[in-house]
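Read-outs: derived from the displayed coordinates by stated rules, not from any lab. Since this is a predicted model, take the numbers as computed values, not measurements. As a convention, Cβ positions derive from the backbone with ideal geometry for all residues, glycine included, and neighbour counts pool all protein chains shown.
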């Protein structure tokens with residue numbers, strides 16, 4: 001598995017990302033980090049497993065509405081196997097390194113987290129790329145990985 | 001055939017049989033000296049002529065009588081319009097006996113004329129026989145005509161009398177006056193008498209002349225017989241011939257001798273004898289010999305074929321006869337001469353008899369005419385007209401009776417005049433019922449006048465009362481007339497109003513009828529509308545059911561779409577997982593990545609499409625729900641409309657019923673108002689009549705007043721008039 005830090009140094013190569021939507025944001029994670037995708041909410045899928053709530057992490061408002069397209073990403077990170085509930089699993093895309101940009105400093109991303117390592121511009125969409133491995137390294141400041149023990 | 005015609009025909013036949021059959025034929029056989037041939041011819045002629053002329057003499061009068069009765073029936077139908085026609089019919093009836101008499105006279109005379117002509121042609125009737133037959137014919141025809149006249153007049157008289165009585169004719173037409181009737185009868189009797197006497201005399205004269213001729217011939221034969229016997233005995237034939245020639249010198253006779261062989265030994269040069277042959281002379285000899293009678297000095301023989309008479313005397317015992325022959329013409333000349341003298345004397349007698357008959361008829365009819373004129377004047381009221389017909393016979397007695405009747409009537413007239421002048425004191429001296437009646441009338445009249453005087457007093461009192469009452473009545477009648485006039489004006493206004501009401505009622509009845517028709521049409525339309533509403537409700541409910549079914553189907557679509565979405569989502573998940581796995585596979589999984597991407601896109605498209613479908617289905621469902629609600633609403637509305645329509649229909653039915661009742665009521669009102677109008681008009685007429693009556697009553701009351709006044713005046717006048725009558729104390 002190629003860490004995201006390594007990806008920054010691999011110009012001219014393409015990388016596959018899984019795009020998912022969380023609220024109004026379109027996020028993307030490397031497919032290498034994703035084990036599989038499951039439909040439904042977390043409680044239905046795997047109760048008692050490790051859950052990563054990106055909303056909390058990225059300080060997004062909670063989503064109260066019923067969502068039929070809700071999915072749970074089963075990912076592998078440094079912390080181990082974790083489950084990330086998302087609103088919608090959108091797509092898989094292949095991005096050149098050239099297409100991936102650094103986060104511009106002017107963007108008011110006061111909730112920015114070290115896991116957000118770049119962004120890609122796709123036609124009329126902006127995809128925020130998330131590095132799942134860095135979620136655990138910066139949990140004190142930007143969020144925490146919860147263990148939902150049922 | 002009625003009784004009158006039967007009676008006329010019967011009597012015509014009886015007289016025909018009596019006069020023509022029983023009178024003529026024996027008389028003709030006795031008076032006319034006819035040969036057997038002539039007699040046979042006469043019977044033949046009689047056999048065919050008598051029935052024919054009997055039918056004519058019977059049938060013609062019956063026909064005339066029938067025509068008269070028919071004319072009477074025709075005239076009687078329109079007698080009131082044309083009395084002259086009835087007068088003509090009665091005149092014809094009165095003339096009918098005379099007409100029948102003339103007809104029979106002409107018919108019988110014609111029959112005899114034809115018979116005489118036939119006898120002359122076929123039976124060698126000589127002149128004497130023809131004249132004698134003609135005389136008999138005239139006599140017979142006159143007798144038959146006279147019988148027919150008197151008999152028919154007797155038969156028709158009652159019938160004509162009834163017609164005159166029924167028609168009311170004052171004076172019947174004078175067809176044949178008494179004068180003419182007497183004259184005709186007298187003349188007829190005279191003519192018949194003369195003809196009868198003439199024919200009998202003529203018949204006897206013929207025999208007398210024949211007898212005288214026979215006597216003279218016998219004398220001549222007796223004178224000649226001794227001379228001829230002597231000359232015959234001496235045989236001097238020349239002297240014998242001379243003697244016979246000398247005896248035959250008169251032209252009308254010849255003398256000759258005749259023997260039994262039919263030869264004439266002497267005197268055969270005679271002109272008459274030369275025409276005879278021996279056979280004829282032999283026949284003459286035999287006839288003379290057969291007729292020879294010892295009691296009679298001579299014998300004679302009439303040979304009709306030769307038209308000669310032979311006188312004979314026996315000259316010797318050997319059958320030689322001295323014969324004298326003469327021709328019939330000699331006798332006829334003598335008879336014609338005799339007949340001429342008879343006719344001349346008859347004409348003289350006829351003239352004298354005519355004059356005497358005329359005088360007789362005039363003597364009988366002239367006083368009767370004068371008496372008739374006097375009677376007419378008396379009938380007209382001229383009682384004092386003088387009766388100046390005084391003769392020594394019954395007519396004179398009748399005149400005296402007339403005169404006496406006139407004098408008595410004058411007395412009655414004088415007494416009536418006295419009564420007219422008011423003198424009721426005297427009594428008329430008049431015998432008989434009329435005088436008694438006159439005197440009773442006078443007595444009763446006196447009593448009546450007394451009673452009238454008493455009554456006048458009562459009437460005078462009553463008149464005064466009537467006068468007062470009639471004045472009051474006149475006043476009341478005038479007031480009544482005025483009231484009636486006012487009432488009439490009011491009733492006329494009422495009648496005019498009733499007329500307007502009647503017209504309006506008629507219009508209202510028409511409108512009600514029209515309303516009824518419209519209501520009935522509306523009711524029919526409502527029935528149709530109700531039916532349509534029911535159809536609409538039915539279709540609406542059906543549509544609602546279909547729409548609900550559509551909603552249910554769309555819901556099922558939603559379920560299906562949910563399944564599809566679920567599948568699409570799973571597919572997407574699978575494709576994403578596949579893509580992840582493919583990307584993990586590196587280059588080897590790139591192709592699979594593409595496939596997974598395409599699958600994901602398809603899944604997304606499916607989701608999008610199902611979303612659209614879901615949206616559409618939702619819209620359909622929403623629309624279906626809306627439609628169902630609308631349809632339910634429509635059904636409710638239709639039901640409500642149908643209920644309202646039913647109510648409207650019931651209301652319309654009630655309207656129709658009420659319109660019918662209204663129409664009937666309007667018609668009844670129209671009829672009632674019409675009757676009211678008629679009644680009010682009748683009342684107006686009655687009021688007018690009442691008004692007229694009231695006016696008439698007022699006028700009558702005024703008239704009654706005037707009449708009462710007049711009556712009062714009249715009672716005064718009557719009192720004056722009655723006071724003129726002088727009554728016995």
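Test of understanding: ordering B:402, B:112, B:150 by Cβ neighbours within 10 Å, fewest first, what list do you get?
Listed from fewest to most nearby Cβ atoms, that is B:150, B:402, B:112.
Calculated from DSSP H runs of 4 or more alone, at -39500 (n - 2.57) each and per residue, what is the 222 nm mean residue ellipticity of chain B, nearest 500? Write out the running numbers ahead of the final one.
Numbers: 13 runs with 597 residues, N = 729.
Dividing the helical sum by the residues of chain B leaves -30500 deg cm²/dmol.
How many angstrom lie between the Cα centre of region B:1-41 and the Cα centre of region B:512-541?
Going from one Cα centre to the other spans 113 Å.
What angle do you read, to the nearest 10 degrees and between 0 and 90, between the alpha-carbon axis of helix B:36-77 and the longest principal axis of chain B?
40
Evaluate Rg over Rh across region B:435-722, taking Cα atoms for both radii and Kirkwood's formula for Rh.
1.82
How many angstrom lie between the C-alpha centres of region B:683-719 and region B:299-357?
One Cα centre to the other: 108 Å.
Under the rule a/c < 1.5 gives rounded, and otherwise a/b versus b/c splits prolate from oblate, where does the protein assembly as shown land using the Cα gyration tensor?
The shape class here is oblate.
Based on the Cβ-Cβ distance from residue B:338 to residue B:70, what FRET efficiency comes out when R0 is 45 Å, to the nearest 0.05?
0.25
State, to one decimal in nm, how far the label point of residue B:612 lies from the label point of residue B:664, with both points 7 Å from Cα in the Cβ direction.
My value for the distance between the label points is 7.5 nm.
Using only Cα atoms, tell me the angle between helix B:83-123 and the longest principal axis of chain B; keep it within 0 to 90° and round to the nearest 10.
50
Taking Cα atoms, how many degrees apart are the long axis of helix B:127-167 and the longest axis of chain B, rounded to 10 and kept between 0 and 90?
Roughly 40 degrees, rounded to the nearest 10.
What number, in percent, do you get for the relative contact order of chain B if the mean sequence gap of Cα pairs under 8 Å and at least 6 apart is divided by its residue count? Don't skip to the answer; put the middle values down first.
Working: 693 pairs, mean separation 87.6, N = 729.
That works out to 12 percent.
So how far apart, in nm, are the two label points at residue B:404 and residue B:462 if each is 7 Å from Cα heading toward Cβ?
Rounded to a tenth, the inter-label distance reads 4.9 nm.
Would you mind calculating the gained length between residue B:595 and residue B:423 on full extension (0.36 nm times residue separation, minus the Cα-Cα distance), in nm to one decimal?
Computed gain between residue B:595 and residue B:423 is 43.7 nm.
Taking neighbour Cβ counts within 10 Å as the exposure measure, how do B:593, B:712 sort from fewest upward?
B:712, B:593
Quickly work out the residue B:40-to-residue B:479 label distance, labels modelled 7 Å from Cα along the C-beta direction, and quote it in nm with one decimal.
A separation of 12.3 nm, rounded to one decimal place.
How long is the gain from residue B:204 to residue B:245 if the chain were fully straight, where each residue apart is worth 0.36 nm and the alpha carbon distance is subtracted?
Details: separation 41, 0.36 × 41 = 14.76 nm, distance 3.33 nm.
Stretched fully, the residue B:204-residue B:245 segment lengthens by 11.4 nm.
For region B:3-176, calculate the relative contact order in percent as a whole number, restricting contacts to Cα pairs under 8 Å that are 6 or more residues apart.
Details: 139 pairs, mean separation 60.5, N = 174.
It comes to 35 percent, rounded to a whole number.
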